[in-house]
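Note sheet for the following structure.
The values are calculated or read from the model by the stated rules, or taken from the named source; none is laboratory data. Predicted model only: the values in this text are computed from it and were never measured. Heads up, the Cβs are rebuilt from the backbone with ideal geometry, glycines too, and the neighbour counts pull from every protein chain shown.
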Amino acid sequence: MRARRSASLLLLFVACAAPGSQPSAERSPTVSAPVVASARPSTVVSPGVLPLSTVEFSCVLPVYGYAGAGAFISFPARTLAKAKESGYYYDRAVLRWLPAFRWQVSPDGLSYAYTEGWSAEPPKAPRLHIANAATGKDQRVVTMPDAKPFQVVDFTGAAIYLVISFEGTAPGVWRVNRGGGAAAKVSNGFYQLPGATWIGVVDPRDPHPSRSLAYGTAQPNRVDRRDDAGRTTTWFYAPGSALSWVAFSGTPAVLISAFRQDSPTAAVDHVYWLVEGPGRATRVQFSVGASIDLAGGFGSAIADAHGIWLGASGSLYLVRRSGAILRVFDGSVYPANGCF
């Protein structure tokens with residue numbers, strides 16, 4: 001599964017945790033014993049605003065801001081040029097801004113998918129649109145089987161996968177083949193792709209798992225890694241927290257956001273971890289303000305060869321593979337693709 005999701009932004013689209021956490025797996029074969037998050041040495045950032053950092057590489061990062069306004073930031077100079085189009089993803093295959101997020105775009109960049117038309121009162125089932133990325137015109141429209149808030153969570157070479165998601169993810173996965181046909185339910189549990197992937201799991205040993213405020217369903221509190229051979233190993237476990245994650249490019253390491261709220265009126269706690277292997281978790285402590293801001297941008301984070309780009313309400317950050325945290329732009333923007 002391509003890395004993605006959660007927190008504030010994903011609340012509207014896929015699953016809060018958070019993006020946006022990834023939907024968790026129904027079960028995982030050959031799972032090792034859970035590795036509970038512990039207080040290992042931290043990458044500590046003092047409270048307050050981080051100073052701006054100048055990166056050592058040259059590239060152009062597409063970003064979007066309020067209402068999807070597109071722009072390009074040139075590094076290392078940090079100059080911003082506004083784009084003529086708006087969107088949430090800059091599709092390099094067709095050189096266009098799309099009204100979709102990266103997990104809604106096909107791997108070849110030639111199509112994207114989205115849902116619209118859902119209504120609870122009166123009940124109305126949403127429609128799935130599969131559109132041509134170059135023209136925006138529909139290639140296919142499929143009406144979903146129920147009046148539920150279906151959302152696209154992945155677009156593979158063969159199919160589009162959807163879940164019911166609003167302030168949390170409900171069990172169940174639906175698949176629509178790209179070649180045609182109606183939506184078919186393929187799982188009563190949570191979603192995972194075949195092959196090597198990260199898998200979110202609700203560990204049954206947690207007596208008080210974090211639950212969706214909308215559905216009451218338990219949210220993933222454990223992250224497993226399945227390799228190409230099908231072996232599954234637990235990398236991280238945080239009882240009582242809802243987890244979301246973004247994998248680093250080109251290496252089996254992952255940045256995890258642990259979201260915790262003991263009641264609807266309680267304070268929200270966001271903790272970030274750099275996980276390099278089973279039981280090898282280091283807490284990454286952002287500044288107080290950045291930690292709160294990043295909760296809204298974690299679900300739209302994008303990884304490339306430079307690290308993980310994280311947008312926030314006031315700044316753009318780059319988390320390096322070493323765990324170093326760089327504030328690289330002063331402004332409210334979010335990555336719309338990797339830096340090229």
- Qualifying residue in the range 26-35 (condition: over 24 Å from the mean Cα position of the chain (by Cα), at pLDDT 95 or above and outside any strand (DSSP E or B)): no
- Scanning the range 319-331 for residues that are under 22 Å from Lys82 (Cβ atoms), at pLDDT below 95 and surrounded by 18 or more Cβ atoms within 10 Å (Cβ to Cβ) gives Arg327
- Answer from Ala77, Ala147, Ala83 - the residue that is within 30 Å of Val328 (Cβ to Cβ) and either in contact with a Ser or Thr (Cβ under 8 Å, 6 or more places away or on another chain) or not in a strand (DSSP E or B) (or both): Ala77
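The rows are residues; the columns are (1) surrounded by fewer than 21 Cβ atoms within 10 Å (Cβ to Cβ); (2) touching a helix residue (DSSP H, G or I) at 6+ places or on another chain (Cβ under 9 Å); (3) within 27 Å of Ile302 (Cα to Cα).
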{"position": "Tyr89", "(1), (2), (3)": "no, yes, yes"}
{"position": "Val94", "(1), (2), (3)": "yes, no, yes"}
{"position": "Trp97", "(1), (2), (3)": "no, yes, yes"}
{"position": "Val105", "(1), (2), (3)": "no, no, yes"}
{"position": "Asp108", "(1), (2), (3)": "yes, no, yes"}
{"position": "Trp118", "(1), (2), (3)": "yes, no, no"}
{"position": "Pro123", "(1), (2), (3)": "yes, no, no"}
{"position": "Val141", "(1), (2), (3)": "yes, no, no"}
{"position": "Met144", "(1), (2), (3)": "no, no, no"}
- Query: Do any residues in the range 189-217 that are closer than 18 Å to Phe166 by Cβ and surrounded by 21 or more Cβ atoms within 10 Å (Cβ to Cβ) have Cβ atoms under 6 Å from those of residues that are of a type in the set (S, T, N, Q) and at pLDDT below 85, where the two are at least six apart or on different chains, and which pairs are they?
  - Reply: Phe190/Ser24; Gly200/Ser21; Gly200/Gln22; Gly200/Ser24
- Message: Looking at (1) assigned to a loop (DSSP other than H, G, I, E, B); (2) hydrophobic (A, V, I, L, M, F, W, C); (3) touching a Phe, Trp or Tyr at 6+ places or on another chain (Cβ under 6 Å), which one does Ile256 not meet, given that it meets all the others?
- Response: (1)
